[in-house]
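K.L.:
Would you mind keeping the following structure in view while I ask a few things?
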Amino acid sequence: MNKAELKNVTFRYMPGTVYETLALNDVSVGFEDGKITGLIGHTGSGKSTLVGMLNGLIRPMSGEVLLDGENIWEKPKNIGSVRFRVGLVMQYPEYQLFEDTVEKDISFGPKNMGLSPDEISRRVKEAADIVGLSGKELAKSPFDLSGGQKRRAAIAGVMAMEPELLVLDEPAAGLDPVGRETVFSAIADYRNMRNSTVVIVSHSMEDMARWCDVLTVMADGGVLMTGSCEDVFSHAEELKKTGLDLPQITKLMLLLREKGVPVGENIYTVEAAYAALTEIFGKRASLKRI
Amino acid sequence: MKNISIGQYYAADSPIHRLDARTKLILAILCIVCTFICKSTFAFVALMIFGVLLVLISRIPPKVIFRAMKPIVFIMLFTALINIFWTGGEILLFEWKFIKVYAEGLYNAAFMTVRIIVLIIGSSIFLTYTTTPIALTDGTERLLSPLKKIKVPVHEFAMMMSIALRFVPTLIDEADRIMSAQKARGTDFSSGGLIKRAKALIPIIIPLFVSAFRRADELATAMECRCYHGGEGRTKLHVTHLGFSDFFALILMIAFGAALVLINIYASKYGLGYVMP
Ligand SMILES: Nc1ncnc2c1ncn2[C@@H]1O[C@H](COP(=O)(O)OP(=O)(O)OP(=O)(O)O)[C@@H](O)[C@H]1O
Ligand SMILES: [Mg+2]
């Protein structure tokens, strides 16, 4: 079952001018219910545009956007309710923070939904919990937080709306390894708690391989392929042609295979590589590593 | 918001694009003067031809120019209507209760419309469409540089102007992005009363100001790191010189102005066409 689906969607920026760009060209793609889908593609391949379609920020020029099988533009007046069901975290979301405390900022979305004060405070607490913001940070001004904390506060602001479909555009861009880990595990936690569907846009093959169930590859305003990590990464040549690459660890493992080390072919995370190598070289190697 | 096209440079290769920015500044001023010199039918016909020629020479698609006109259509209609109904005269064309329309009124309305159109075409073609903001501020600075003798901070004003111009598109982009982000969190900009709509702007304005201040701060640091210390002793990388074509263009423009004056004089002497009072 697809939670959300695009059917033959086309979109141009600034139509009728010399700056006209075809951002999406007859795209049809589905996002499976309850899965974490990773959206990858080179710069300018149309990822952000596609993601903006899902909650009705951008209206397709032709084609349909379906949510639970219903066209979201059936009644354009009701697009507001779609935005409550599909939460979108934009690229660099920390610039949307504006309230005088983090807590108030997180409650901005739920307040717009017209929820009761009790419900709002419950949601704010839960969302803050998921992204790992403590009570001390909730009372601070959002402008006094560190970059990573700001990012998490902004993500919590969307999670607090408890969307059925959570969409994040480059949620970990510009963060350090620990920051990336926190953000992605918060997203995974959210999915597990709410049984919701998640779409993540990212440039990092490593992160995508580690956290996503399904990968969708975009190139030049179209969808190139969709499938599990194994499926997608087995098309290494095609990926390279569109300016993408395999995860570093996978390339290392393939190199080792070439040199005669009998590691498996489908290794996409450091953990898996570690397990495979200890199996071959035994515990001695793993002890030396420590 | 992306459709704001006034004040946008249009890259093309045309004789007007190649003129020096200083020349174009003077030409723009002369062009404005010319529109106000016109008083008679023939002068306005000449002015219209001038406007069309200007568009053709500049190689800017008429489509782009029409788009820039859209926001001022209302102003044009308004002045035209005022002229039609409020101009007194001798030849009465139409009367209904207290509304009287004279032929003079129609003439005035048509003239004012032509005037506004050529005014916009002239100033936007000479200034924004064919000149980059940087060249424009540079030109302004050099044109006004004699004022430095009487301690007017010309360079500083020019720098402020170019920084402001440089950040207009950036801030529009930013506002667009913040608006989308808040829409995604359920802000509704398009319904409710005036107060509700004004309140809905707070989540836009605050982040916009925060980021504008941050950018200003970063820019100031970056400029200081590159030893910017004002205009004193500062030289230019690209020094442009006035060439033959610049003088030619200026002479052409002055000749056109003189021709308009002559047309006006002859028209009123021999009663050719309608002459504005
Ligand atoms: N607001 C806009 N106005 C005009 N063109 C745009 C706008 N936003 C994007 N584009 C163009 O549309 C195309 C797709 O852009 P999009 O932002 O969807 O790419 P992306 O895959 O998200 O890239 P990135 O990885 O760099 O974020 C690009 O060619 C881009 O130049
Ligand atoms: Mg993007």
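The values are calculated or read from the model by the stated rules, or taken from the named source; none is laboratory data. Just so you know, these numbers come straight off a predicted model, no measurement behind them. FYI the Cβ positions are ideal-geometry reconstructions off the backbone, even for glycines, and counts take in every protein chain you see. Side chains included, ligands, DNA and RNA excluded: accessible areas come from the protein's heavy atoms. Shrake-Rupley method; radii C 1.70, N 1.55, O 1.52, S 1.80 Å.
K.L.:
What percentages make up the Cα-Cα pair-distance distribution of segment B:1-77 when the bins are 10 Å wide from 0?
P.N.:
15, 41, 38, 6, 0
K.L.:
Continuing with this model, one more query. So what's the convex hull volume per residue for the Cα atoms of the protein assembly as shown, in Å³? Walk me through the numbers before you get to the answer.
P.N.:
Values: hull volume 139.5 nm³, N = 567.
In the protein assembly as shown, the Cα convex hull volume per residue is 246 Å³.
K.L.:
Can I ask one more? Hey, if you put +1 on the Cβ of every Lys and Arg and -1 on every Asp and Glu Cβ in the protein assembly as shown, which of B:121, A:106, A:117 ends up farthest toward the positive end of that dipole?
P.N.:
B:121
K.L.:
At a probe radius of 1.4 Å, what is the per-residue accessible area of residue A:234, in Å² to the nearest 10?
P.N.:
Per-residue accessible area (residue A:234): approximately 80 Å².
K.L.:
Hey, if we sort B:228, A:274 by accessible area with the 1.4 Å probe, largest down, what's the order?
P.N.:
From most exposed to least exposed: A:274, B:228.
K.L.:
When the helix-only estimate is applied to chain A (DSSP H runs of n ≥ 4, each -39,500 (n - 2.57), divided by the residue count), what is the mean residue ellipticity at 222 nm, nearest 500 deg cm²/dmol?
P.N.:
-12500 deg cm²/dmol
K.L.:
Further question on the same structure: Using only the Cα atoms of segment B:21-270, each taken as one equal point scatterer with no solvent, compute I(q) by the Debye sum, divide by I(0), and report log10 of the ratio at q = 0.09, 0.14 Å⁻¹.
P.N.:
So the normalised log intensities work out to -0.65, -1.12.
K.L.:
To the nearest 10 Å², what's residue A:104's accessible area with a 1.4 Å probe?
P.N.:
90 Å²
K.L.:
Now, a different point. Largest first, how would A:240, B:236 line up by accessible area (1.4 Å probe)?
P.N.:
Of A:240, B:236, the descending order of accessible area is A:240, B:236.
K.L.:
Continuing with the same structure: Let me know the mean shielding of A:155-162 by other chains, meaning the per-residue number of their Cβ atoms within 10 Å of its Cβ.
P.N.:
Mean partner shielding for this stretch: 1.
K.L.:
Right, here's the next one. What does the buried accessible surface come to for A and B, summed over both chains, with the probe at 1.4 Å? Round to 100 Å².
P.N.:
1900 Å²
K.L.:
Accessible area, 1.4 Å probe, largest first: how do B:56, A:138 sort?
P.N.:
Sorted descending by solvent-accessible area, the residues read B:56, A:138.
K.L.:
Keeping all protein chains in position, work out how much accessible area residue A:95 exposes to a 1.4 Å probe, and write it in Å² to the nearest 10.
P.N.:
Approximately 80 Å² of residue A:95 is accessible to the 1.4 Å probe.
K.L.:
Also, I was wondering about something else. Work out how far the C-alpha atoms of chain A reach from end to end along every principal axis, then list the three figures in whole Å, largest first.
P.N.:
Here the spans come out as 62, 51, 37 Å, largest first.
K.L.:
Over 21 Å between C-alpha atoms is what I'm after, so list which of A:47/A:111; A:7/B:63; A:104/A:136; A:47/B:183; A:77/B:183; B:70/B:196 land there.
P.N.:
With Cα atoms farther than 21 Å apart: A:47/A:111; A:7/B:63; B:70/B:196.
K.L.:
About its Cα centre, what dipole magnitude does the protein assembly as shown give when the only charges are +1 on Lys and Arg Cβ and -1 on Asp and Glu Cβ, stated in debye to the nearest 20?
P.N.:
I would put it at about 1660 debye.
K.L.:
Something else now. In the protein assembly as shown, what percent of the accessible surface is made up of carbon and sulfur (1.4 Å probe, ligands and nucleic acids excluded)?
P.N.:
63 percent
K.L.:
Tell me the net charge near residue A:197. Cut-off is 12 Å between Cβ atoms, residue A:197 excluded, with +1 for each Lys or Arg and -1 for each Asp or Glu.
P.N.:
-1
K.L.:
Normalised by the residues of chain B, what does the relative contact order come to in percent, with Cα pairs under 8 Å and at least six apart? Can you show the working numbers first?
P.N.:
Numbers: 259 pairs, mean separation 87.5, N = 277.
Taking the mean separation of contacting Cα pairs over the length of chain B, I get 32 percent.
K.L.:
List the chymotrypsin sites (Phe, Trp or Tyr not before Pro) within segment B:98-192 that DSSP assigns to loop and that have no more than 16 neighbouring Cβ atoms inside 10 Å. Intermediate results must be reported in sequence, preceding the final value.
P.N.:
Values: sites: B:98, B:102, B:107, B:111, B:126, B:129, B:157, B:167, B:189; in loops: B:98, B:189.
In loop regions of segment B:98-192 (DSSP not H, G, I, E or B), the sparsely surrounded chymotrypsin sites (Phe, Trp or Tyr not before Pro) are B:98, B:189.
K.L.:
Checking buried surface per residue: for segment B:173-209, which residues lose a minimum of 50 Å² accessible area in the protein assembly relative to the chain alone (1.4 Å probe)?
P.N.:
Those residues are B:177, B:183, B:184, B:185.
K.L.:
Separate question: Please report the spacing between the Cα centers of segment A:196-211 and segment B:241-255 in Å, no decimals.
P.N.:
61 Å
K.L.:
Now for a separate question. Scan chain A and hand back the longest stretch that contains none of the GluC sites (Glu not before Pro) lying in DSSP loops with at most 16 other Cβ atoms within 10 Å.
P.N.:
A:75-264
K.L.:
In deg cm²/dmol, rounded to 500, what helix-only [θ] at 222 nm does chain B give when every DSSP H run of at least 4 residues adds -39500 (n - 2.57) and the total is split over its residues? Working shown, then result.
P.N.:
Details: 11 runs with 183 residues, N = 277.
Theoretical 222 nm ellipticity from helices: -22000 deg cm²/dmol.
K.L.:
Over the Cα atoms of segment A:24-122, what radius of gyration and what Dmax do you get, in Å?
P.N.:
15.7, 45
K.L.:
If you don't mind, there's one more thing I want to ask. What's the center-to-center distance, using Cα atoms, between segment B:36-96 and segment B:172-229 in Å?
P.N.:
Centre-to-centre distance over Cα atoms comes out at 38 Å.
K.L.:
For segment B:21-270, give the magnitude of the charge dipole about the Cα centre (Cβ charges: +1 Lys/Arg, -1 Asp/Glu; no others), in debye to the nearest 20.
P.N.:
Computed charge dipole of segment B:21-270: roughly 240 debye.
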